[in-house]
Amino acid sequence: MKNFNSYINKSIQRIKLAQNRGLTNFGLRLFTHNRFEKNIKVKKNIAYGKNKLQKFDIVTQKKSDAIHPVIFYIHGGAWCGGDKYGYTMYCKKFANLGYTVVNINYRLMPKVDVKVCVLDCIKAINYFTKNYKSILQNAKISYDIDFSHCFMIGDSAGAHLCSLIAGMQTAQKIKLDINIVALGLYYGVYDFNDIQHDPSPVMTDLDGYWRSIYKSTKALYKRISPTTYITPNFPATFMTSGEIDKLHFQSEIFANALKQNGTKLDYLSFDKSRQDGRHAFLNAGFLPSAKEAFARVSEFFEEQLNNNNLIFNQNN
């Protein structure tokens, strides 16, 4: 009887994940409008593994004489949905500023564990770092990449993955052959240790799912919480979230933790009067919140480049 109840519980939790995935993907297709940009090249579906989701896109300028800093973009979708295609236009905005953007897909729950989502993103970064010359050559891109000035951006689950990977690197838990100068984090999840009291229905569903497959979630939640890996070397961070978002308290927790750590932080918080501060506002680029956040994060990144003495010409 116990095994039967466990099977039913797992099945229910998988159905909830499927519902969340469907809503996420519907929203992306509804609000994503990728425009053609004549000066921007998008090289799609570069495989870093054998699975169909282990692919990334390169979004960059067609012609440039500059050495380009890199942005690794990781999409959101509650670790069980979402896709890189919904972020191409956002990545093009940074490409126009002179960055080369690696827009990453990764395998999704429940087909894989959340820890595999993390490992896929790490694998994608390492694959690009190791093979970038041949990747750029195949894409007919002639300029070089500056791996001493790398950035990571993510929204929601993607913000979690970015902050976790950056934290694990600076805490020397993983090795990446890049220097992460700064992060751009949109309405992410940063601490799972009190997830059972989370006001977000999505997180409640995820907690139920993880409890259905783990005897104890305590070790998992500590391992996948970016708050676990905050050190004095944590990268400079831009964060944004709206108070109307039920996940907003997660941004508050992380912002306070970074402040206490002495991390350089730019925190853009939209108050409850801002209806455009709802979750996933990045995907609706026409919203004032999306425009304001992009302006702030791009300025923040440029500031970090200047602080690191990189000559950076955005008009290449």
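Each label was represented as a point 7 Å from its Cα along the Cα-to-Cβ direction; for ALA171 and ASN45 these points are 3.7 nm apart. Suppose each label sits 7 Å from its Cα in the direction of the beta carbon; what would the LYS111-LYS52 distance come out to in nanometres? Using points 7 Å along Cα→Cβ, the separation is 0.7 nm.
Comparing ILE178, ALA124, PRO232 along the charge dipole axis of the range 2-307, the residue lying farthest to the positive side is ALA124, per the Cβ-charge model.
Restriction of the trypsin sites (Lys or Arg not before Pro) in the range 121-215 to DSSP coil positions whose beta-carbon has at most 11 other beta-carbons within 10 angstrom yields LYS140, LYS175, LYS215.
Divide by every residue of the chain the summed helix terms, -39500 (n - 2.57) for each DSSP H run of at least 4, and state the resulting mean residue ellipticity at 222 nm, rounded to the nearest 500 deg cm²/dmol.
Details: 8 runs with 131 residues, N = 316.
For the chain, the value works out to -14000 deg cm²/dmol.
The residue among TYR190, GLN137, LEU108 whose Cα reaches farthest toward the positive pole of the charge dipole of the range 100-221, with charges on the beta-carbon of Lys, Arg, Asp and Glu, is GLN137.
How would the range 62-164 be classified by its alpha-carbon gyration tensor: rounded, prolate or oblate, with rounded meaning a/c under 1.5 and the a/b versus b/c comparison settling the rest?
Here the range 62-164 falls in the prolate category.
Measuring against 24 Å, Cα to Cα, the residue pairs LYS175/LYS222; LYS84/LYS222; LYS52/LYS215; LYS115/LYS222 contain LYS84/LYS222; LYS52/LYS215 as the ones spanning a longer distance. Dipole size of the range 2-307 about its Cα centre, with +1 on Lys/Arg Cβ and -1 on Asp/Glu Cβ: approximately 1400 debye, rounded to the nearest 20.
Each value in this text was obtained by applying a stated rule to the coordinates, not by laboratory testing. This structure is a prediction, so every number in the text was calculated from the model and none was measured. No Cβ is skipped: glycine too gets one built from the backbone with ideal geometry, and neighbour counts run over all protein chains shown.
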